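Q: Below is one structure. I have some questions about it.
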Amino acid sequence: MTDTPHLGMPLIAASQSQKHVTHNQAIVILDAIVMLSVIDSMHTAPPGSPAEGDRYKAGSGATGAWAAWDLNIALYTNGQWVKLTPKKGWTCFDEASGALTVWTGSGWTDLAAAGGYLTITAAGNGTLTKLGILTAADSTNRLAVKSTAALFSHDDVTPGTGDMRIVLNKSAAGKDAAFNFQDAFSTRALFGLLGDDNFTIKVSPDGSAFKTAIVIDKSNGHIGINGSPDSNNWLAVNADGILFNKDASGDMRVTINKSAAAKDAGFTLQDNFSTRALFGLLADDNFTVKVTPDASTFYTALTIDKSSGKIDHTQGAKFSAYVNFDDYHAAGAWAKIGFNNANHNDQNAFSAANSNFVAPVAGYYLFGAHFVFKKNATLPTEVDLAFYLNGSIVTQSEVLTKTIVDLGTFLHTTAVLKLSAGDTVDARTQFITNDGYVAANTNNFCGARIA
């Protein structure tokens, strides 16, 4: 054997003359191979002015003095190029690129790719496939860290811009780009782009069932709490209750502001997303309450004037009725006047069929009634008029006259009555000794809720 099996250094033969030559050749090879470093790995032909000891990794397709030396180490020594054939396991540092490579027997490969070792090059060029710090990384968690804390700070060394950003990128809208918070490796919270491109926060009691807490729409910034916002509802909340509590000042105010008087600043109350009530500043600056049976037809219940505070109870029960025929009444008994037509009848509280008023809600009501007497044959000696509440006379409302003139006698009465819902009120008359008529059209029965 004339050379060593691994590094190929020449051996001194027995009784060899000029032993120092062989010894020096071995030292040169050893000097070139130990801590192997090359100027670069790009040359396919010798450079023009090499220096003693220069080393290159010959590129593929080498020519000239390096012909057929592809991927071998070219050493310049004693004025000539010497080929060093790499053996498996040799490592080589490329001074030009900073790459640390290892010879696998068929080519030079980055040390990380060849054996899973971390190198500066691999950490920077994407060759490194995974990294574990105090714990093992795997094919899913390619970066795994066990630590009490992790710091990401701005670059004050290069220096950088002073910013610090962490980017999570996904391949498509239907994928996730998110942070996952776990307790004993069981998920309890998620936030990020979860299955779409809206920003979402989800929570879970068990890592299996998830509840969406907040959604922020990607297109307009509208916010949904336990629900999803839309173009009209910039803040959407699904909840059994909402609490707004005082702060240190002791005050608690919720402000709803609009851009102009003709706009709305109000609350909408809905049943299964169908509006049933509105209140607030509705198309003006007065405080208004409206209701609707079907989200289509709206009734103004009350309005409070912004300047005076006066209340306009526009939808309080009110009516005005009359008899359009000569209404005959026999003598000697109280009888209901047959009011059968209404000039107006808000809330339909007046019944033309029963000639009476039925209170829709409890409250105080003002009533009025009048008529002109018309004789039948002989004038009666007395004509009376009064209101009846639930079939009983309201004594304080009774008026009468004993001066009877055909189509000239006029009776009028008013009363303020406290009613319960469902109470009935009607106007009645009584003719003494002789019969007669309530003259057609010259009569009225009216009422309105006042409180």
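Q: I'd like to check something: does segment 396-405 contain any residue that is of a type in the set (Lys, Arg) and either modelled with pLDDT under 95 or in contact with a Gly (Cβ under 6 Å, 6 or more places away or on another chain) (or both)?
A: Step one: filter segment 396-405 for residues of a type in the set (Lys, Arg), giving 402.
Going one step further and asking which of them are either modelled with pLDDT under 95 or in contact with a Gly (Cβ under 6 Å, 6 or more places away or on another chain) (or both), we end up with none.
Within segment 396-405 (the criterion being of a type in the set (Lys, Arg) and either modelled with pLDDT under 95 or in contact with a Gly (Cβ under 6 Å, 6 or more places away or on another chain) (or both)), the answer is no, since none of the residues qualifies.
Q: Moving on. As an exercise: evaluate Thr275 against (1) part of a strand (DSSP E or B); (2) of a type in the set (S, T, N, Q); (3) at pLDDT below 90 and give the number of the one condition it does not meet.
A: (3)
Q: Something else: Can you pull out the residues in segment 392-451 that are in a strand (DSSP E or B) and among the acidic types (Asp, Glu)?
A: Step one: list which residues in segment 392-451 are in a strand (DSSP E or B), which gives 392-393, 399-401, 410-419, 424-432, 436-449.
Across segment 392-451, the qualifying residue is only Asp426.
Q: Considering only segment 411-425, I want to know if a residue exists there that is closer than 22 Å to Leu366 by Cα, surrounded by 15 or more Cβ atoms within 10 Å (Cβ to Cβ) and charged (D, E, K, R).
A: Yes, some residue in segment 411-425 is closer than 22 Å to Leu366 by Cα, surrounded by 15 or more Cβ atoms within 10 Å (Cβ to Cβ) and charged (D, E, K, R).
Q: Which one of Gly224, Gly192 is closer than 22 Å to Gln270 by Cα, in contact with a Leu (Cβ under 8 Å, 6 or more places away or on another chain) and in a strand (DSSP E or B)?
A: Values: Gly192 fails: closer than 22 Å to Gln270 by Cα.
After applying the criteria, what remains is Gly224.
Q: Still on this model: Looking only at segment 48-59, decide whether some residue is on the phi < 0 side of the Ramachandran plot, within 60 Å of the chain's Cα centre (by Cα) and not aromatic (Phe, Trp, Tyr).
A: In the first step, residues of segment 48-59 are kept if they are on the phi < 0 side of the Ramachandran plot; the result is 48-52, 54-59.
So of that shortlist, the ones also within 60 Å of the chain's Cα centre (by Cα) come out as 59.
Retained after the next criterion (residues that are not aromatic (Phe, Trp, Tyr)): 59.
Yes.
Q: Among the candidates Asp183, Asp163, Asp155, single out the residue that is out of contact with any strand residue (DSSP E or B) (no Cβ under 7 Å at 6 or more places or on another chain), of a type in the set (Asp, Glu) and assigned by TED's automatic domain parsing to the domain that holds Gly207. Talk me through it step by step, then tell me what you get.
A: Values: Asp163 fails: assigned by TED's automatic domain parsing to the domain that holds Gly207; Asp155 fails: assigned by TED's automatic domain parsing to the domain that holds Gly207.
One residue alone meets the criteria, Asp183.
Q: From the list Ala213, Ala177, pick out the single residue that is modelled with pLDDT under 95, surrounded by 10 or more Cβ atoms within 10 Å (Cβ to Cβ) and in contact with a strand residue (DSSP E or B) (Cβ under 7 Å, 6 or more places away or on another chain).
A: Numbers: Ala177 fails: modelled with pLDDT under 95.
Answer to the check: Ala213.
Q: Given segment 312-363, what strands (runs of 3 or more DSSP E) lie entirely inside it while holding 1 or more residues that are touching a residue at least 40 places away in the same chain (Cβ under 8 Å) and not β-branched (Val, Ile, Thr)? Even if it seems obvious, please write down each step before you answer.
A: On the way: elements: 318-322, 327-329, 341-346, 356-358.
Hits in segment 312-363: 318-322, 327-329, 356-358.
Q: Of everything in segment 308-324 that's modelled with pLDDT of 95 or more and of a type in the set (S, T, N, Q), which residue is nearest to Val425 (Cα to Cα)? Full working, then the answer.
A: Initial filter on segment 308-324 (modelled with pLDDT of 95 or more): 319-324.
So of that shortlist, the ones also of a type in the set (S, T, N, Q) come out as 320, 324.
Numbers: Ser320: 13, Asn324: 20 Å.
Within segment 308-324, the match that is nearest to Val425 (Cα to Cα) is Ser320.
Q: Consider Thr129 carefully, then state whether it is at pLDDT below 90, among the hydroxyl-bearing types (Ser, Thr, Tyr), over 23 Å from Asn24 (Cα atoms) and over 50 Å from the mean Cα position of the chain (by Cα). Lay out the reasoning, then the answer.
A: Working: at pLDDT below 90: yes; among the hydroxyl-bearing types (Ser, Thr, Tyr): yes; over 23 Å from Asn24 (Cα atoms): yes; over 50 Å from the mean Cα position of the chain (by Cα): no.
Judged against the criteria, Thr129 is not a match.
Q: Taking the criterion of being on the phi > 0 side of the Ramachandran plot and modelled with pLDDT under 95, would at least one residue in segment 376-394 satisfy it? I'd like the intermediate steps shown before the answer.
A: Within segment 376-394, the first condition is being on the phi > 0 side of the Ramachandran plot, and the residues that meet it are 390-391.
If we keep only those that are modelled with pLDDT under 95 too, we end up with none.
No: zero hits.
Q: Next up: Identify the residue in segment 309-339 that is within 30 Å of Thr297 (Cβ to Cβ) and among the charged types (D, E, K, R) and, among all such residues, is surrounded by the most Cβ atoms within 10 Å (Cβ to Cβ). So that I can check it myself, show each step before the final result.
A: Here is the first cut: in segment 309-339, the ones within 30 Å of Thr297 (Cβ to Cβ) are 309-322, 324, 339.
Adding the requirement that they be among the charged types (D, E, K, R) leaves 310, 312, 318.
Numbers: Lys310: 9, Asp312: 13, Lys318: 21.
Filtering first and then ranking leaves Lys318.
Q: Restricting to segment 343-381, give me the number of residues that are surrounded by fewer than 16 Cβ atoms within 10 Å (Cβ to Cβ) and over 18 Å from Thr424 (Cβ atoms).
A: So the answer is 5.
Q: Continuing with this model, one more query. Restricting to segment 249-276, count the residues that are basic (Lys, Arg) and touching a Phe, Trp or Tyr at 6+ places or on another chain (Cβ under 8 Å). Show your work before the answer.
A: Narrowing segment 249-276 to residues basic (Lys, Arg): 253, 258, 263, 276.
Filter again for touching a Phe, Trp or Tyr at 6+ places or on another chain (Cβ under 8 Å), leaving none.
Residues in segment 249-276 being basic (Lys, Arg) and touching a Phe, Trp or Tyr at 6+ places or on another chain (Cβ under 8 Å): 0 in total.
Q: Sticking with this one: Just need a number here: residues in segment 368-391 that are under 16 Å from Phe357 (Cβ atoms), not small (Gly, Ala, Ser) and not in a strand (DSSP E or B).
A: Matching residues across segment 368-391 total 1.
Q: A further question on this structure: Please list, ordered by residue number, the strands (runs of 3 or more DSSP E) wholly in segment 1-94 having 1 or more residues that are over 23 Å from Leu111 (Cβ atoms) and assigned by TED's automatic domain parsing to the domain that holds Asp110.
A: Values: elements: 55-57, 73-77, 80-84, 91-94.
In segment 1-94, 73-77, 80-84 are the strands (runs of 3 or more DSSP E) which contain 1 or more residues that are over 23 Å from Leu111 (Cβ atoms) and assigned by TED's automatic domain parsing to the domain that holds Asp110.
The values are calculated or read from the model by the stated rules, or taken from the named source; none is laboratory data. Computed from a predicted model, the values in this text were never measured in an experiment. Heads up, the Cβs are rebuilt from the backbone with ideal geometry, glycines too, and the neighbour counts pull from every protein chain shown.
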